[in-house]
Amino acid sequence: MNAEPQHGTCGGKDCIKVLTLCHGGTHHNAVFDPETHKITCFSECGKTMLLHTWVCKVLGTDNPNEGKQFIEKWIDEADIDLSDVIPGASGGIQTYHAFDPDMRVDMVKGIDPKILADLYSQFDTTPQTLSRLKWHLPKAQGGDEIPLQQLIDFDVAYYPKRGTIVLPHHNINGEIVGLYERSFAPTQEEMRKIFGYGPKEWIDDKSAWAAIHYAPKSKYMPLRKEGRYRDKEKPCWSFPNSRNLYGLHKAKEAIRESGKAIIFEGAKSVMLAHAYGYPFAVASHTFGASESHLAMLIQAGAKEIILAFDKQYKAPEGREWDTYEQRTQRLAGRVRRFVKVSRICDREGAFLGYKDAPIDNGKAAFDSLFDSRETLTEKRAGRAG
């Protein structure tokens, strides 16, 4: 059996045909779309799913984080240098081409304004309610120090029906393209711990199974469509994240004027950065950035891209550090011929705890980390000038 992927076209687009491992198949009846990062199984599954969801089916797990971690591990350990190339296809033979900073990035379309108005009529955006979310309070009082005006400016809302915070994502023109919600309920992983079950342990108690199954998979998830907007094909107000950067509609002018662009992982970091005087901040919603993300920043006028990912290491050594080093260096390698790339890194733990975002511990700490950011080079890191 030939298990190697097959390059070809599907619907007039380049694609990669893979084995239908999602249900134990042995034929190349699943298609991976490099643009959307989705796989469509044309066999038993008969549906389209995100890459990490497909990997979860292959691994036999319901935990999306396991699928994501598997993909990250494969990328980090594969004997392939992807630092300056992206996969392509030509005549059915695998080829590679260098990153193109002028590549066309199709802007994600905004949600219909009438639908959006209807949705927001169910949300609460009053300053009184937003102030009760406590995100604007000092760290000592359990808050995040995000000024109330930032929450208003970024169209943050409270959803009374679900008891969640709604975080809209805008395209570069300021149109809302998707809605995420921040849940305060225990996640599935947390519920497993509450009921005393391990990550992959079989749940034999029906009550425990229901409580775990219906708990949110993550604290941040795309908002599910309800009522008249319910859609089996697209059940959430999600969007192609690889073609959209959180906060770019607010940051584009500052990027053009300063020549700098900071990439965080999360939305709250962006709002806080803007409040701290770093209006050229955006978020990729993941540890990393797509080719489209990088092209969007360069086309917006960035001369320096600053990586500000969460501190996913306890010390500057060992496996976690090696993973962080490899992934940031690899990302820098894709664009270093066109822009300066640096990273905000707290090697010694002077300002950040394990898994903290670089901006989590106040303006003074972030100012110091920003000023001492490291310029990424081929073999080692040196201080940015």
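Nothing in this text is a laboratory measurement; each read-out follows from the coordinates by a stated rule. These figures come from a predicted structure and were not determined experimentally. Cβ placement follows ideal geometry from the backbone for every residue including glycine, while neighbour counts extend to all protein chains displayed.
Work out the charge dipole of segment 135-269 with +1 on the Cβ of Lys and Arg and -1 on the Cβ of Asp and Glu about the Cα centre, then indicate which of Q150, F264, N244 is farthest towards its positive end. The one lying farthest along the dipole's positive direction is N244.
Specify which residue in the list A283, A364, W321 is farthest towards the positive end of the charge dipole of segment 242-383, using unit charges on the beta carbon of Lys, Arg (+1) and Asp, Glu (-1), about the Cα centre. Farthest towards the positive pole: A283.
The charge dipole of segment 242-383, taken about its Cα centre with unit charges on the Cβ atoms of Lys, Arg (+1), Asp and Glu (-1) only, comes to about 460 debye. For segment 199-297, evaluate the Debye formula with one uniform point scatterer on each Cα (no solvent term) and list log10 I(q)/I(0) at q = 0.12 Å⁻¹, rounded to two decimals. The calculated log intensity ratios at q = 0.12 Å⁻¹ are -0.58. Roughly how far apart, in whole Å, are the Cα centres of segment 346-364 and segment 249-293? Each part's Cα centre sits 18 Å from the other's. Between their Cα atoms, which of K68/K219; K193/K225; K57/K217; K68/K252; K68/K355 are more than 24 Å away from each other? Where the Cα-Cα span goes over 24 Å, the pairs concerned are K193/K225; K68/K252.
The separation of segment 104-158 from segment 311-330, counted between C-alpha centres, amounts to 33 Å.
With the Cα gyration tensor of segment 242-383 giving a ≥ b ≥ c as the square roots of its eigenvalues, does the rule (a/c under 1.5 for rounded; else a/b larger than b/c for prolate; else oblate) give rounded, prolate or oblate? Since a/c reaches 1.5 but b/c is at least a/b, the shape of segment 242-383 is classed as oblate.
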